[in-house]
1. Can you find a residue in segment A:574-581 that is within 14 Å of chain B (Cβ to nearest Cβ), at negative phi and touching a residue at least 12 places away in the same chain (Cβ under 8 Å)?
2. On the basis of being assigned to a helix (DSSP H, G or I), more than 14 Å from every other protein chain (Cβ to nearest Cβ) and of a type in the set (A, V, I, L, M), does B:Val85 make the cut?
3. Would you check if A:Glu682 is farther than 20 Å from A:Asp550 by Cβ, acidic (Asp, Glu) and not in a helix (DSSP H, G or I)?
4. On the basis of being of a type in the set (S, T, N, Q) and in contact with a Ser or Thr (Cβ under 6 Å, 6 or more places away or on another chain), does B:Ser221 make the cut?
5. Just one of (1) surrounded by 21 or more Cβ atoms within 10 Å (Cβ to Cβ); (2) part of a loop (DSSP other than H, G, I, E, B) trips up A:Ala76, so point out which.
6. Assigned to a loop (DSSP other than H, G, I, E, B), under 27 Å from A:Phe376 (Cα atoms) and within 14 Å of chain B (Cβ to nearest Cβ) - does that describe any residue in segment A:52-65?
7. Inside segment A:372-394, can you point out the residues that are in contact (Cβ under 8 Å) with a residue 12 or more places away in the chain, within 19 Å of A:Met337 (Cα to Cα) and part of a loop (DSSP other than H, G, I, E, B)?
8. Determine which single condition A:Val642 fails, assuming it passes every other condition in (1) surrounded by fewer than 18 Cβ atoms within 10 Å (Cβ to Cβ); (2) in a helix (DSSP H, G or I).
Amino acid sequence: MTVATYFDTMDYAPSTEDDSVARKWLADHGGRFGHFIGGRFTDPAKGLETREPASGKVLAEIAQGTDEVVNKAVAAARKAQKGWAGLSGHERAVKLYALARIIQRNARLLAVVEALDNGKPIRETRDIDIPLAARHFYHHAGWAQLKESQFPDHDPVGVIGQIIPWNFPLLMLAWKVAPALALGNTVVLKPAEATPLTALLFAELAEAAGLPAGVLNVVTGDGSTGETIVSHEDVDKIAFTGSTEVGRKIREATAGTGKSLTLELGGKSPFIVFDDADLDAAVEGVVDAIWFNQGEVCCAGSRLLVHEGVAEDFHARLAARMMTLRLGASLDKTIDMGAIIDADQRARIAAMVDRAVADGAELVQAQVAAPKDGTFYPPTLLCNVPATSEAATEEIFGPVAVSMTFRTPGEALQLANHSRYGLAASIWSENVNQSLEIAAGVQAGIVWVNCTNVMDAGVGFGGVKESGFGREGGREGCYDYLKPRAFAKAPERKPAQTAKAKMFAVAAVDRTAKLFIGGKQARPDGNYTRPVVGAGGEILGEVGEGNRKDIRNAVEAARGAASWGSKTQHNRAQILYYLGENLSARAAEFADRLRAMTGVKAEKAKAEVSASVSRLFSYGAWADKFEGAVHMPPMRGLALAVPEPLGVVGVVCPPEMPLLGFVSTVAPLIAVGNRIVAVPSEPYPLAATDFYQVVETSDVPAGVLNIVTGEAAALGKELAKHNDVDGLWAFGTLELAEAVERLSSGNLKRTFTDYGRAWDWSAPACEGEEFLRRATQVKNIWVPYGE
Amino acid sequence: MPEPAMTQSVAPAAAGHNAERNAGIPLDLALVNAVQVNRSASDRRAATLPGRRAVKGDAQSAWLVKAVTCIDLTTLNGDDTEGRVRRLCAKARQPIRHDLLEALGLGERRITTGAVCVYHRFVEAAVDALKGTGIPVAAVSTGFPAGLVPHEVKLSEIEASVRDGAQEIDIVITREHVLTGNWQALYDEMRDFRAACGEAHVKAILATGDLKTLRNVARASLVCMMAGADFIKTSTGKEGVNATLPVTLTMVRAIRQYQAMTGAKVGYKPAGGISKAKDVLTYFALMKEELGRDWLEPDLFRIGASSLLADIERQLEHRVTGAYSALNRHPIG
């Protein structure tokens, strides 16, 4: 090509970023890397090769992290943790600030290495990945500085095992490492085997920036290395970003270990285009949604939902736009998309597209040129995908959008929410009323109005449903790297001592407390009862022996009471106060019952009842005061952090303090709009069954609070297995905690347990924001503005 | 790497507007009112486009020379004189030093600016100075720049410029019609201007800096095209804000919509504020991405500029010699 031919064709010329500095860095390491442990690199060892997806050429050899290596890394992190946490917030802030600065000073090198290793365009690493990574360290340097003042009742979790994916290698490192370090934790990080290089380069830079040895350790390797980290006894928390399938396994593997866990998993995020949208802007939105990073994005807007009236026009514009996308080598500065990470992933994408076409989807594929070598896959749109097709429901993790139409806003919401996932959603409309209503109704952790795939360190990122739990970024993200000091010191719970049954209590009309389901007293399905033995061995009465069908019925009733979440906060507050009022009116009766069941002294029983009344008032107070935030990301607009209820939540109440334990767990959940299936204290269930008479007189809508008595462990397991239960709180034995966490993996419930430790339910720590945070998840709604 | 399938060679056009004219259509108010423009999304597209399409090396040189052929070399100052206009016309005839064109392998090509743009008073002199070159003279008109003289005066100004030999007329619209949503008035005015132009081609200056919102810009663009504008143009160069990328994006998308409706290809002219070679590459990339290859020729793309040419000349010399250039190494315009 000459100037004259370009003058005639007006084509782009390939424009290639210089990679000599990156190549030199690789050469300086001999093209072979060890792990980074305790502030130094171990000797390179036989292991895995990392390749350039754009050409298939080997970039470097990396070591395979064995059990021994992981042990060393965890030991180094453990050794460093106390000292790191012992620094003042300011001292840690200085170190994080240095990390931010050193990323910026080496931004171009990091961008080039990342583009080579991952195959994504240099434009993205240069303009998005690396600047955002630096921004994460800046933002979290701030949280380090403010930790003592902002989180005075929290301690760092300890040693964190972090496992990150190959799609945004350095950015995911930053999302994980920056908050962990800021709040006083130390880290063992395993980058993805396909993209380990920027993590190794970052470790080298961190050392140069003066990060103390052992605070950050990088162990490379494949999935088995990750498994070793997950199952390591001395790791206090696992933070994982990756597939839902692996996330489930991690949930099961860590069950009952007391390891804290955050999972950022897959998605099939809806991209909703209304008939009043700026269609050209929405088309460009699709480019940013699904043809960003080759579509290898967990929050990719991969499911287009288009208003039927504009669908034809929109698809025509989109098809035309696709044709001008450019594919090429990652260092070419004129491209939109690079190569898929490897041949397996490419084959997986191609197979899913083929199956969708076989199912009847209409294929629109950009006829764009790509280099011969390398694992390229063209931008792809599948129109009229049958809802039953795998491509319509499963994550493809490639540059493939599927499209469906809707008729009304309600139907858009129904289609959007009809998914096991709930990571992100993008809404395109010029009508603020419509946009915000859909934003409120869509089940997703991140909602973008008239934008997509925008992220910031100050705005929490993370999903709902099977897209995982936990948030990364912002204040909400900090809590995932902290633990409340009060709970950590609780003693192990002793088994409840119940007296041997001797006889029926005298002078009482026989009374069998039924279950309470859907606002009605219900006979247990199995038609069995269990006796409740009083402190003196007398039988105080009988309660229903709930079984899995009773759980099913209760969950159904709770699911049906969906309007509770949309009641006004004022209304929920009123009902909680009313519960307190009615309980107070029957205080003496409840105190007597507590005495009879547990044998506590009159004074103590009275105190438990009045503490319960007070707690109901507290959550009535909180109901209209547990607020969200308006984040301040660098853009013209608002990012609204809204705490939303989990949905249907099971509660296995603690065995001790049968009234206060019940109120302490149920009230915060109700206050923020959840619907409950509660399993009362197994040895002392009558306080809860008496309580439903209070419920019946306090205007609590049917189905909001359901009570199923019986064997706590068995009912807890049924709740854990139930795939229409969104959260499960379980207090009791360690075995219960283990079973609940393990069995919750089916739909990745948010769980909250005490791991067999007896909390003091009368203590201030057992009331308030910690419980409200556990009862909610933050949805971040991005609303850019400007006319 | 093989060329993308989209690539097609287009014979370079001679100076001037040689495309088929836009006949216009009846005013479709429903369509005008349905226009949606999201500003944040427009800003984002404009901000990220330059990063997606780097133009370097030979392609850059070619694109810069092409840009010269699209320039409406302009002088619109109160102190303009015939002598000043003749000097400008000389530059328009030979905007790039011949030795540079030789070195770039373009010695055989006839490279001129797209047009020369002046006030009515200097049309005759410019036509005379450009005799035989095929370079059209464009006259700003209709009470430029504010456009607030009586309607009849506007029409007679157009007619006078056409009589003096102007082949292109750059009219200014009455901003009041846009700001008050009086689309019928805007349509009627534009219709009259178009009729008064006769065979001369008409560019509608929207003065986007006065219209403020992108929605206004999009609606005004559509109305002017419906009324038969051959080109839509951003600004007079006298507003507080002149051509910007988000405004450009909005206008070219309106052009695309109008083409989809009618098949007519309307040209685009950003004016004011494009003074660097680098900026013009971004504008070209935007035209290419949003409208396609046809809009990279003076037929359908003009740049209203006075100092841009000098920067392009310096960049081209740098490309040829490897040494950074100075203004005084290129003939003055």
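The values are calculated or read from the model by the stated rules, or taken from the named source; none is laboratory data. This is a predicted model, so every value here is computed, not measured. A quick note on method: Cβ atoms are made from the backbone with ideal geometry, for glycine too, and the neighbour counts reach across all protein chains shown.
1. No: segment A:574-581 contains no residue that is within 14 Å of chain B (Cβ to nearest Cβ), at negative phi and touching a residue at least 12 places away in the same chain (Cβ under 8 Å).
2. yes
3. For A:Glu682, the condition - farther than 20 Å from A:Asp550 by Cβ, acidic (Asp, Glu) and not in a helix (DSSP H, G or I) - is not met.
4. no
5. Result: A:Ala76 fails condition (2) only.
6. Yes, because at least one residue in segment A:52-65 is assigned to a loop (DSSP other than H, G, I, E, B), under 27 Å from A:Phe376 (Cα atoms) and within 14 Å of chain B (Cβ to nearest Cβ).
7. Across segment A:372-394, the qualifying residues are A:Asp373, A:Gly374, A:Thr375, A:Phe376, A:Tyr377, A:Pro378, A:Pro379.
8. (2)
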